[in-house]
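S.K.: Here it is, the structure, as structure tokens.
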Amino acid sequence: MSTKDDEMLKELALEEYKYGFTTDIEMDIAPKGLSEDTVRLISAKKNEPEWLLEWRLKALRHFMKMDMPAWQNFTLPEIDFQDISYYAAPKAKPKLNSLDEVDPELLSTFEKLGIPLDEQKVLAGVVAVDAVFDSVSVKTTFREKLKEQGVIFCSFGEAVQEHPELVKQYLGSVVPQTDNVYAALNSAVFSDGSFVYIPKGVRCPMELSTYFRINAENTGQFERTLIIADEGAYVSYLEGCTAPMRDENQLHAAVVELIALKDAEIKYSTVQNWYPGDKDGKGGIYNFVTKRGICKGDNSKISWTQVETGSAITWKYPGVILKGDHSVGEFYSVALTRNKQLADTGTKMIHLGKHTRSKIVSKGISAGTSHNSYRGLVKIGPGAEGSRNFTQCDSLLIGDRCGAHTFPYIENRNRTATLEHEATTSKIGEDQLFYLTQRGIDPEKAVGLIVNGYAKEVLNQLPMEFAVEAQKLLAISLEGSVG
Amino acid sequence: MLTINNLHAAVESQEILKGLNLEVKAGEVHAIMGPNGSGKSTLGNVLAGRESYEVTAGEVLLDGKDLLELSPEDRAREGVFLAFQYPVEIPGVSNINFLKTALSEIRAYKGLPPLEARDFLKMVKEKQQLVEFDAKLANRSLNEGFSGGEKKRNEIFQLAMLEPKLAILDETDSGLDIDALRIVASGVNHLRSKDNAFIVITHYQRLLEYIVPDFVHVLYKGRIVRSGTKELALELEEKGYDWIKETVGAENAV
Ligand SMILES: Nc1ncnc2c1ncn2[C@@H]1O[C@H](COP(=O)(O)OP(=O)(O)OP(=O)(O)O)[C@@H](O)[C@H]1O
Ligand SMILES: [Mg+2]
């Protein structure tokens, strides 16, 4: 590649993070440190029943005994778990019934982020939003309208109070407390998150969406999401996230559990844009998330779609346990890394039922000196007669100082299963760039077009409104360049 | 409109263009012919500003403006259009979206707002008809999976959409079937006006029967060694390039 392109590509990625502001608001913050007392404090703040406190404490004891993982493709920075505050909430409230009761500072924060909490303004009724600010849910919109159909969409804290039987039945049923270090930590100290239940035969009438915002300093965010689609139900759910620019790293360790019963379908989309740190790798979010769904009933379907552009380190493997016969699991991912970002992401498809199918489409984009890995596991159990997997892993390199890696693991214990794997690595070609600039298109925009074209198959999976956002996000993430 | 004086250009430090002179006036069509490897595509790429081609001497003026100073995108916005000999595929990028972006950028450069969606679509339809370009192709990803001929026709469709001042067609006729050749030529003839100009690079006399050139030049070893009218193309078709190579050789020997 010629020198000008080189320079341009070198500089790609320096666009400022536009969600980096902080909100000045009175906060209720727990003292730093992790102990049984911390867990008791959180549980008490949230007025939780005894069984849940016990559940948390059990998780904490596990966490204390566990070693930090060491199999990842990079050196994990040492995290001092005693130097983090595990609970932060805007003062005033906790429970809000109308918008008037929400702190105006907070409202304007979400407005700045482009998340209107005023129901009249919300995309004419297409999306219901649950907004989580640091540790607590601030406001869930459209609750009444959803209630008419029996759909429950509320903060996790409220679900514990109002639907304890559902929470008790499903919490930890897909991601056990002992699953991994960060799942154990989350189980001990999780603060809030979203809860969704779609009753039998109901097609949720609108997109459900949760918006996460880390604001407070030196806090971790540990939210917990639980989505249950009863027999024949359908729901499409989207989460988005941003954080202020801070020089210290902040930890985000969420757990998401999805349960699809017979004939049910859950579509879960993520647009992850946590603060990635500056161009020298200072600051940024450590995004260590455990996401897993179970296709419990026959003919059920779970589909994960993710667009990952943020975080200093991303480490997540949304998976599906295909237990029901003829159930379907899908994973569509675009992960973009630049500067010094690290992303290690992929999926786990566990085929247990007969004639189960899974599809994996992963598109990695690396720029700067970042490293982007796909790590996936496809496991076919002995009973998974006639199951199929199709995996496609593509990597796109921008410049020649970044890295792309693929680690596909396969464990097949049934001879009737079919597995297909395709992988490609490509570079943005000088000829492609020249073709577009020759037509009058700015080189930065040209890269944006090429990258969006490359990611199209995944972006097409997103709900319309968010696909447009995600496209812009991909283009912006590569902007700020051209010497 | 276009003035090229003593242009020298190198690729990977090997000199390809060796003192090329050419004057193209508004309203004219110039054909450039010449043996393989003589530097025809190099000329197109140099005019369009491709980075890997280094201009070592000479000047190129477009309506008095120094073209060589401009970036490729600014040259395009000034009205230089290159129909590529080998158009690339850009997977997943919709043809229409790409054209909309290109057109908006060119308009913005001229201080014009982007076209309204309705007007843009009207224009797409009009131009599709003008160059008989299949609407299905217009809606597909940019050149992805297009046949060789379809790619060439897409170049002409883009040309029609972007309405450049100076269009350079690099062997747009090669790979086209007879009907397509006629359609492309009639498209170009429709687009011809007193305000724009065409440089048509071709190996075949046949194209020049449809797009009648005002001048025909022979490029050989990086220089224009013969210029004439359309009869020169006929003569070349008949005799090949040997007689030119011989005479050039003789001249150089002097
Ligand atoms: N990128 C490049 N790298 C190395 N050599 C090149 C490059 N581009 C052109 N050349 C060389 O420059 C010379 C002129 O090439 P050019 O493509 O301009 O010829 P042409 O007249 O268009 O030929 P054709 O009729 O075959 O299309 C050739 O010898 C070619 O190999
Ligand atoms: Mg050529």
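The values are calculated or read from the model by the stated rules, or taken from the named source; none is laboratory data. What you see is a predicted model; the values in this text were computed from it and never measured. A quick note on method: Cβ atoms are made from the backbone with ideal geometry, for glycine too, and the neighbour counts reach across all protein chains shown. Surface areas here come from the heavy atoms of the whole protein model, side chains and all, with no ligands, DNA or RNA. Shrake-Rupley method; radii C 1.70, N 1.55, O 1.52, S 1.80 Å.
S.K.: Return the pair list, or none, for Cβ contacts closer than 7 Å from residues in region A:418-438 that are within 19 Å of A:Ile365 (Cα to Cα) and aliphatic (A, V, I, L, M) to residues that are open to solvent by less than 60 Å² (accessible area, probe 1.4 Å) and not in a strand (DSSP E or B), at least 6 apart or on different chains.
M.R.: A:Ile428/A:Ile398; A:Ile428/A:Val447; A:Ile428/A:Ile450; A:Leu433/A:Asp5; A:Leu433/A:Pro443; A:Leu433/A:Ala446
S.K.: Just one of B:Ser71, B:Ser41 is more than 11 Å from chain A (Cβ to nearest Cβ) and among the hydroxyl-bearing types (Ser, Thr, Tyr); which is it? Can you show your working first?
M.R.: Values: B:Ser71 fails: more than 11 Å from chain A (Cβ to nearest Cβ).
Result: B:Ser41 is the single residue among B:Ser71, B:Ser41 that is more than 11 Å from chain A (Cβ to nearest Cβ) and among the hydroxyl-bearing types (Ser, Thr, Tyr).
S.K.: For region B:98-114, which residues satisfy the criterion of being facing chain A (nearest Cβ under 8 Å) and without any contact (Cβ under 8 Å) to a residue 12 or more places away in the chain?
M.R.: B:Thr101 - this is the single residue of region B:98-114 that is facing chain A (nearest Cβ under 8 Å) and without any contact (Cβ under 8 Å) to a residue 12 or more places away in the chain.
S.K.: Hey, another quick one. Regarding region A:335-352, can at least one residue be identified that is farther than 15 Å from A:Gln306 by Cβ and among the small types (Gly, Ala, Ser)?
M.R.: Looking for residues that are farther than 15 Å from A:Gln306 by Cβ and among the small types (Gly, Ala, Ser), one finds none in region A:335-352, hence no.
S.K.: Which of (1) under 24 Å from B:Val188 (Cβ atoms); (2) away from ligand 2 (no atom under 15 Å from the Cβ) is the odd one out, the single condition B:Ser41 does not satisfy?
M.R.: Every listed condition holds for B:Ser41 apart from (2).
S.K.: Against the condition out of contact with any helix residue (DSSP H, G or I) (no Cβ under 6 Å at 6 or more places or on another chain) and not in a helix (DSSP H, G or I), how does B:Glu144 come out, does it pass? I'd like the intermediate steps shown before the answer.
M.R.: Numbers: out of contact with any helix residue (DSSP H, G or I) (no Cβ under 6 Å at 6 or more places or on another chain): yes; not in a helix (DSSP H, G or I): yes.
So B:Glu144 fits the description; yes.
S.K.: How many of the residues making up region A:290-309 are out of contact with any Gly (no Cβ under 8 Å at 6 or more places or on another chain) and open to solvent by less than 10 Å² (accessible area, probe 1.4 Å)? Talk me through it step by step, then tell me what you get.
M.R.: Restricting attention to region A:290-309, the residues satisfying the condition of being out of contact with any Gly (no Cβ under 8 Å at 6 or more places or on another chain) are A:290, A:294, A:305-309.
So of that shortlist, the ones also open to solvent by less than 10 Å² (accessible area, probe 1.4 Å) come out as A:305-309.
Number satisfying all stated conditions: 5.
S.K.: Give all pairs with beta carbons closer than 8 Å in which a residue from region B:191-203 that is within 14 Å of chain A (Cβ to nearest Cβ) meets a residue that is modelled with pLDDT under 95 and within 13 Å of ligand 1 (Cβ to nearest atom); count only pairs at least 6 apart in sequence or on separate chains.
M.R.: Listed by first residue and then by second, the contacts come to nothing, as the list is empty.
S.K.: Additional query: Among what's in region B:10-55 and is over 18 Å from B:Lys221 (Cα atoms) and touching a Phe, Trp or Tyr at 6+ places or on another chain (Cβ under 6 Å), pick the residue that is nearest to ligand 1 (Cβ to nearest atom). Walk me through it before giving the result.
M.R.: Initial filter on region B:10-55 (over 18 Å from B:Lys221 (Cα atoms)): B:23-30, B:48-52.
If we keep only those that are touching a Phe, Trp or Tyr at 6+ places or on another chain (Cβ under 6 Å) too, we end up with B:29-30, B:50.
Details: B:Val29: 19, B:His30: 15, B:Arg50: 9 Å.
Ranking the qualifying residues of region B:10-55, first place goes to B:Arg50.
S.K.: On to the next question. Residues that are within 21 Å of A:Gly310 (Cβ to Cβ): list the strands (runs of 3 or more DSSP E) wholly contained in region A:374-483 that include at least 2 such residues. Let's see the steps before the verdict.
M.R.: Numbers: elements: A:388-397, A:403-412, A:418-427.
Once the strands (runs of 3 or more DSSP E) in region A:374-483 are filtered for at least 2 residues that are within 21 Å of A:Gly310 (Cβ to Cβ), what remains is A:388-397, A:403-412.
S.K.: Give the residue that is surrounded by the most Cβ atoms within 10 Å (Cβ to Cβ), with candidates limited to residues of region B:5-21 that are closer than 11 Å to B:Ser52 by Cβ and within 16 Å of ligand 2 (Cβ to nearest atom).
M.R.: Only one residue tops the list, namely B:Ala9.
S.K.: Being at pLDDT 95 or above and part of a loop (DSSP other than H, G, I, E, B) is the requirement here; does B:Gly175 meet it?
M.R.: Values: at pLDDT 95 or above: no; part of a loop (DSSP other than H, G, I, E, B): yes.
In short, no.
S.K.: Given the structure, is A:Ser387 at negative phi, crowded, with 23+ Cβ neighbours inside 10 Å and of a type in the set (S, T, N, Q)? Can you show your working first?
M.R.: Details: at negative phi: yes; crowded, with 23+ Cβ neighbours inside 10 Å: yes; of a type in the set (S, T, N, Q): yes.
For A:Ser387, the condition - at negative phi, crowded, with 23+ Cβ neighbours inside 10 Å and of a type in the set (S, T, N, Q) - is met.
S.K.: Further question on the same structure: Given the conditions (1) open to solvent by 10 Å² or more (accessible area, probe 1.4 Å); (2) among the aliphatic types (A, V, I, L, M); (3) more than 14 Å from chain A (Cβ to nearest Cβ), which single one is not true for B:Val55?
M.R.: For B:Val55, the exception is condition (3).
S.K.: Kindly check whether there is at least one residue in region B:22-31 that is within 14 Å of ligand 2 (Cβ to nearest atom), within 25 Å of A:Gly440 (Cβ to Cβ) and part of a strand (DSSP E or B).
M.R.: Checked region B:22-31: no residue is within 14 Å of ligand 2 (Cβ to nearest atom), within 25 Å of A:Gly440 (Cβ to Cβ) and part of a strand (DSSP E or B).
S.K.: I've got another one for you. Looking at B:Val124 and the list (1) surrounded by fewer than 18 Cβ atoms within 10 Å (Cβ to Cβ); (2) touching a residue at least 24 places away in the same chain (Cβ under 8 Å); (3) not in a loop (DSSP other than H, G, I, E, B), which single condition is not satisfied?
M.R.: For B:Val124, the failing item is (1).
S.K.: Looking at (1) assigned to a helix (DSSP H, G or I); (2) within 14 Å of another protein chain (Cβ to nearest Cβ); (3) more than 23 Å from B:Arg192 (Cα to Cα), can you tell me which one B:Arg118 breaks?
M.R.: Of everything listed in (1) assigned to a helix (DSSP H, G or I); (2) within 14 Å of another protein chain (Cβ to nearest Cβ); (3) more than 23 Å from B:Arg192 (Cα to Cα), B:Arg118 misses just condition (2).
S.K.: Run B:Val60 past the list (1) within 16 Å of ligand 2 (Cβ to nearest atom); (2) modelled with pLDDT of 95 or more; (3) more than 14 Å from chain A (Cβ to nearest Cβ) and report the number of the one that doesn't hold.
M.R.: Evaluating B:Val60 over (1) within 16 Å of ligand 2 (Cβ to nearest atom); (2) modelled with pLDDT of 95 or more; (3) more than 14 Å from chain A (Cβ to nearest Cβ) leaves (1) as the failure.
S.K.: Could you pull out the residue among A:Gly453, A:Gly429, A:Gly448, A:Gly440 that is surrounded by fewer than 19 Cβ atoms within 10 Å (Cβ to Cβ), of a type outside the set (A, V, I, L, M) and within 13 Å of chain B (Cβ to nearest Cβ)? Talk me through it step by step, then tell me what you get.
M.R.: Details: A:Gly453 fails: surrounded by fewer than 19 Cβ atoms within 10 Å (Cβ to Cβ); A:Gly448 fails: surrounded by fewer than 19 Cβ atoms within 10 Å (Cβ to Cβ); A:Gly440 fails: surrounded by fewer than 19 Cβ atoms within 10 Å (Cβ to Cβ).
Only one candidate passes the filter, namely A:Gly429.
S.K.: Take the conditions more than 8 Å from chain A (Cβ to nearest Cβ), among the small types (Gly, Ala, Ser) and surrounded by 18 or more Cβ atoms within 10 Å (Cβ to Cβ) and apply them to B:Ala83. Does it pass?
M.R.: On the way: more than 8 Å from chain A (Cβ to nearest Cβ): yes; among the small types (Gly, Ala, Ser): yes; surrounded by 18 or more Cβ atoms within 10 Å (Cβ to Cβ): yes.
Yes.
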